[in-house]
1. For Cys100 and Trp6, what does the FRET efficiency come to when R0 = 30 Å and r is the distance between their Cβ atoms, rounded to the nearest 0.05?
2. Among residues other than Arg87 whose Cβ falls under 11 Å from its Cβ, what is the net charge (Lys/Arg +1, Asp/Glu -1)?
3. What ratio of Cα Rg to 2.2 N^0.38 Å holds for the chain?
4. What size of dipole, in debye to the nearest 20, comes out for the chain about its Cα centre when the only charges are +1 on Lys and Arg C-beta atoms and -1 on Asp and Glu C-beta atoms?
5. How big is the Kirkwood radius of the range 1-61, worked out from every pair of different alpha carbons and given in Å to one decimal?
6. Counting each DSSP H run of 4 or more residues in the chain as -39500 (n - 2.57), what helix-only mean residue ellipticity at 222 nm follows after dividing by all residues, to the nearest 500 deg cm²/dmol?
7. For the chain, modelled as a Gaussian network with Cα springs under 10 Å, which listed residue fluctuates most, Ile63, Ile33, Ile71?
8. To make sure I understand the rule: partners must be lysines, Cα under 29 Å from the Cα of Lys53, and not fewer than 8 residues away in the same chain. Which ones qualify?
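Readers should treat all values here as calculations from the given coordinates under stated rules, not as data from a laboratory. Nothing here was measured: the structure is a model prediction, and the numbers come from that model. Cβ coordinates were reconstructed from backbone atoms using ideal geometry, including for glycine residues, and neighbour counts include every protein chain displayed.
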Amino acid sequence: MRISDWRKELKESLLWRDTYCYCGKPLVRGVNIDMHEGLVSRGQMMGWPEELKLLTFNELNCILICHTCNIMNPPSRKRVWDDQQKRYGDELEKWYRSLCGLVKGKMQNFT
Ligand SMILES: [Zn+2]
């Protein structure tokens with residue numbers, strides 16, 4: 001599956017979880033929703049092999065935010081981390097730790 005298709009499917013599935021943006025605006029399907037890689041950014045993934053990239057397009061790393069916030073003021077990675085940790089607990093840390101073990105190069109430390 002191509003990454004763009006993968007992202008599209010993920011975005012669809014996140015509509016059930018993320019109904020409001022960080023700024024408080026309701027997220028309206030087909031109107032103002034962007035998917036944001038909140039912990040490991042797409043820029044950071046540049047040069048990674050495809051199979052490693054696929055490990056980041058999941059509900060742990062991705063959040064839905066409004067288009068305005070995505071362009072002007074996306075939430076900090078630390079804020080996303082704290083939120084995701086409330087949601088996913090150990091699962092988040094396990095995923096991130098294993099990803100850090102696979103990636104050569106610098107990864108942000110959140111804990
Ligand atoms: Zn917003």
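1. According to the calculation, E is roughly 0.90.
2. Within the 11 Å Cβ shell, the charges total -3.
3. Cα-based Rg divided by the globular estimate yields 1.04.
4. Dipole magnitude for the chain comes out near 260 debye.
5. 12.6 Å
6. Value at 222 nm, helices only, nearest 500: -12500 deg cm²/dmol.
7. Maximum fluctuation in the GNM of the chain, among the listed residues, is at Ile71.
8. Lys8, Lys11, Lys78, Lys86, Lys94, Lys104, Lys106
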